Amino acid sequence: MLNFKEIIAEKIADVTKINEDEIKSYIEIPKDSKNGDYAFPCFRLAKELKKAPPIIANEIKEKLDEMLSENQDEKIEKIEIAGGYLNFFINKNILVSEVLKEISSNEEYGKSELGKGKNIIVEYSAPNIAKPFHIGHLRTTLIGNALYRIYKYLGYNTTGINHLGDYGTQFGKMIEAYKMWGNEYNLKEDPINKMMDMYVRINNLCKEDENVLARCRENFRLLEAKDQYCVDLWNEFKDLSMVEFNKIYDLLDVKFDSYNGESFYADKIDEVIEKLEEQGKLIESEGAKIVDLEYAGINTPCIVQKSNGSSIYATRDLAAIMYRAKTYDFDKCLYVVAYEQNLYFKQIFEVAKFLVDEKYAKGLEHVSYGMVNLPTGKMSTRLGNVVKIEDLLNGTIEKAEEIISEKNPDLDNKEEVAKKVGIGAIVFNTLSTTTIKDQIFDWNTALNFQGETGPYIQYTYVRTKSVLEKVDNIIPNIDTIKIENLKDEYSLNLIKLIHTFQDILVQVTEKNEPSILSRYLIDLSKAFSSFYNENKIIIEDKEVQDARVYLTYATGKVLKIGANLLGIKMPDKM
Ligand code: ARG
């Protein structure tokens, strides 16, 4: 399909001799179509070209007008100057026919081979064994899942990794707790909370009694030495936790290609130490081994080995980077992890420069996300107001069912629809805020059918479905659609949005920001509502009806693909 943004960028690049990708990144879509379909802010080039924006605008316009008339190129109808902006008006006949052609010939609209030959790792979720899966983990799970799906759709060879927190000294404590009080707890029922109780209890005891702490450390040493009793217990903790985590992943329909967590790297850390040692990067500090990072402007050194010789979180991450470089030959390795670990990732990415080729070190990227708060305030384990995520998901599904039963009492398979709507509400709510920003999760807002929510998008999709039902789901033949019938403001608005879908997906991957797609789906839903309210679809005039039915079908298709990429399922009725 013709990509008008690209065409415009190419032409501007041609006359200014500035890199096409740079130009493309500046092109905007004006809010008001009076200002054209695309706009180029010339002030962006003022510095580079050493000229005032209006002068740049004039020069570019002159050259482009000449070029267009010489080549008899009709794709761009006209170019106007407004302030320092160049406004481009594209040929609507070409636009409409291109979009319709592409929609009709392509079941997977927007899919691309753009990423062919590139390997992307998306690391997400990564909850900790024997601890609760908290609302922060929900956020990384959903952001990562969306990125994973979108990279794949754009043709990247994508690997999703769940870097489970399944190792570390805390397991020495858990083993000690089990030895002391194992018979008091039936771990099979409500395993995570029980394990959490044990963990809190042993931690308190460790603070009071040095001897207990020493025994915990010894347990971890034994675990590292593969002592059978410790390994078996640790495996049991892990299995019990995974059963709980999998309930959440099943509800969300989230999958991973690999569950290689921290423990997987336990026997791969020597290589890290050796390599750093060889290069003289390791410094002894109070018995521990650290890498000083002052030279890179990072004031906190990175500890890679504790004084008792144990590995730590960072060591295992460093081993993982080496392993992933070897195993996946990645172009990008994304870590979807909360912003509390910003400094940490700066540190390990810096150390990684000593461990892997530059190509890999450059591909490491922390996709940092903000806190999730409930309306009552910060979520904290200490305050005891942690919501069990499974309860949150099921609770939302229940609420969705109440709303649906009220609005549409006769609906078939209400349960299934409620599941899609409830989960959709949570997924959308989570992905609608810019990743780095903090957000609030509130049931009432998330489930509002009228607001900018998941259910609103689903509801819009359901409306497209019910329009199609009125024509017995017979989609008009594309060759019979007359373009003139789709040139009113509302139809054009929809078509323009549909045209930009792939570009939106590309933007998501450029910024690792799924909220760009969430925003787009809201815009598309709103544009459909206006189209639907302003244009009667089922009418006498068969020719106009066919065109509008077709556009309705196209909108539904894009809404569904887009929502699926975010991890939201569409009901046919609700
Ligand atoms: N398990 C950690 C946590 O819950 C997150 C792991 C992030 N990934 C990593 N490679 N360090 O906080």
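Coordinate-derived values only; no laboratory data. Keep in mind it's a predicted model, so treat the numbers as computed, not measured. Counting neighbours? That spans all protein chains shown, and the Cβs are built from the backbone with ideal geometry, glycine included.
Ignoring everything except DSSP H segments at least 4 long, calculate the 222 nm mean residue ellipticity for the chain; use -39,500 (n - 2.57) per segment, divide by total residues, nearest 500. Present the calculation step by step, with values, prior to reporting the outcome.
Working: 22 runs with 315 residues, N = 574.
It lands at -18000 deg cm²/dmol.
Which of the GluC sites (Glu not before Pro) across region 82-176 are loop residues per DSSP, with 12 or fewer other Cβ within 10 Å? Working shown, then result.
Values: sites: 98, 102, 107, 108, 113, 123, 176; in loops: 107, 108, 113.
Within region 82-176, the qualifying GluC sites (Glu not before Pro) (loop, at most 12 other Cβ atoms within 10 Å) are 107, 108, 113.
Go ahead and run the numbers for FRET between residue 73 and residue 470, Cβ-Cβ distance against an R0 of 45 Å, rounding to 0.05. Please list the in-between numbers first.
Numbers: r = 41 Å, r/R0 = 0.91.
FRET efficiency, residue 73 to residue 470: 0.65.
Is any residue of region 109-139 close enough, with backbone N under 12 Å, to a label point placed 7 angstrom from the Cα of residue 313 along the Cα-Cβ axis, and if so, which?
Of the residues in region 109-139, 128 have backbone N under 12 Å from the label point off residue 313.
Expressed in nm to one decimal, what extension gain is obtained for the pair residue 32 and residue 15 from 0.36 nm per residue of sequence separation less their Cα-Cα distance? If you can, show how the numbers build up before the last one.
Values: separation 17, 0.36 × 17 = 6.12 nm, distance 2.68 nm.
Extra length available between residue 32 and residue 15 comes to 3.4 nm.
Using only the alpha carbon atoms of region 283-323, find the Kirkwood hydrodynamic radius as the inverse mean reciprocal pair distance, in angstroms to one decimal. Can you show the working numbers first?
Details: mean 1/r = 0.0931 Å⁻¹.
Here the Kirkwood hydrodynamic radius works out to 10.7 Å.
Which value, in debye to the nearest 20, describes the size of the charge dipole of region 207-307 about its Cα centre when Lys and Arg Cβ atoms bear +1, Asp and Glu Cβ atoms bear -1, and nothing else is charged? Mind showing how you got there, number by number?
Numbers: 13 positive and 24 negative charges, 18 e Å.
It comes to approximately 80 debye.
Set the Förster radius R0 to 56 Å, insert the Cβ-Cβ distance between residue 228 and residue 299 as r into 1/(1 + (r/R0)^6), and round the FRET efficiency to 0.05.
That gives a FRET efficiency of 0.85.
Less than 15 Å apart at the alpha-carbon level, and either on another chain or at least 8 residues along: which aspartates and glutamates does that give for residue 511?
Those aspartates and glutamates meeting the cut-off are 21, 22, 365, 503.
How big is the dipole moment of the chain about its Cα centre under a simple scheme where the beta carbon of each Lys and Arg is +1, that of each Asp and Glu is -1, and everything else is neutral? Debye, nearest 20, please. Before the final figure, lay out each step's value.
Details: 74 positive and 92 negative charges, 107 e Å.
With Lys and Arg at +1 and Asp and Glu at -1, about 520 debye.
Do you know the Lys pair count in region 179-274 for C-alpha distances under 25 Å, with sequence separation 8 or more or different chains?
Lysine pairs meeting both conditions in region 179-274 amount to 18.
Identify all lysines with a Cα-Cα distance to residue 118 below 16 Å; exclude those on the same chain that are fewer than 8 residues away in sequence.
152, 326, 332, 359, 362
When only Cα pairs under 8 Å and 6 or more residues apart are kept, what is the percent relative contact order across the chain? Kindly include the intermediate steps, with their values, before the conclusion.
On the way: 865 pairs, mean separation 79.3, N = 574.
Once normalised by length, the contact order is 14 percent.
So, counting K/R as plus one and D/E as minus one, what does the shell of residues with Cβ under 14 Å around residue 539 add up to? Write out the running numbers ahead of the final one.
Details: positive: 470, 536, 542, 548; negative: 488, 534, 540, 541, 543, 546.
Net of charged neighbours comes to -2.
For residue 536 and residue 371 in one chain, what is 0.36 nm times their gap in residues minus the Cα-Cα distance, to one decimal in nm?
Values: separation 165, 0.36 × 165 = 59.40 nm, distance 4.46 nm.
Length gained, residue 536 through residue 371: 54.9 nm.
What is the antiparallel percent of DSSP beta bridges lying wholly in the chain, to the nearest 5?
Within the chain, antiparallel bridges account for around 50 percent of the total.
On a full-extension model of 0.36 nm per residue, what is the gain between residue 437 and residue 187, subtracting their alpha-carbon distance, rounded to one decimal in nm? Walk me through the numbers on the way to the answer.
On the way: separation 250, 0.36 × 250 = 90.00 nm, distance 3.70 nm.
This chain segment gains 86.3 nm when fully extended.
If I take R0 = 25 Å and measure r between the Cβ atoms of residue 1 and residue 89 in this structure, what FRET efficiency does the formula 1/(1 + (r/R0)^6) give, to the nearest 0.05? Display every interim value, and only then the final one.
Values: r = 19 Å, r/R0 = 0.76.
After rounding, the FRET efficiency stands at 0.85.
What does the charge count near residue 504 come to, summing +1 for each Lys or Arg and -1 for each Asp or Glu among other residues with Cβ under 10 Å from its Cβ?
Values: positive: 519; negative: 503, 523.
Here the charged neighbours net out to -1.
Cross-link candidates for residue 17: which aspartates and glutamates have Cα within less than 14 Å, leaving aside residues fewer than 8 places away along the same chain?
48, 59
Taking the DSSP beta bridges in region 250-395 as the whole, what percent of them are antiparallel, to the nearest 5? List each step's numbers first, then the result.
Working: 10 of 16 bridges.
Rounded to the nearest five, the antiparallel share is 60 percent.
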